[in-house]
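Only the coordinates and a few stated rules stand behind these numbers; no lab work does. Please read all numbers here as calculations on a predicted model, not as lab measurements. A quick note on method: Cβ atoms are made from the backbone with ideal geometry, for glycine too, and the neighbour counts reach across all protein chains shown.
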Amino acid sequence: MAIGIWDLNIGIFELKIISMTIISLFQKVDVAEKIKTAPDGSYQIGVIIGSFIPFVVLILIAYWMYNRAKKRDENGY
């Protein structure tokens with residue numbers, strides 16, 4: 001039995017977040033080049049934090065989906 005996107009009960013907002021995350025994973029960011037051409041040291045911190053944000057968002061979405069599925073199984077849905 002095939003499961004479609006609509007069977008998972010995912011809303012438009014979640015689809016936008018997932019698509020933005022997928023797009024951000026394919027973007028090539030040369031962190032070393034950005035740090036080398038940085039105007040000062042505070043820019044380096046921003047580049048490092050900004051490079052981790054897509055991964056943190058992806059982990060949060062995965063955790064949210066796991067908890068949602070776990071609660072659904074506990075409730076018998």
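Near Gly76, once Lys and Arg are set to +1 and Asp and Glu to -1 for all other residues with Cβ below 15 Å from its Cβ, the sum equals +2.
In segment 11-75, inverting the average of 1/r over every pair of distinct C-alpha atoms gives 14.0 Å as the Kirkwood radius.
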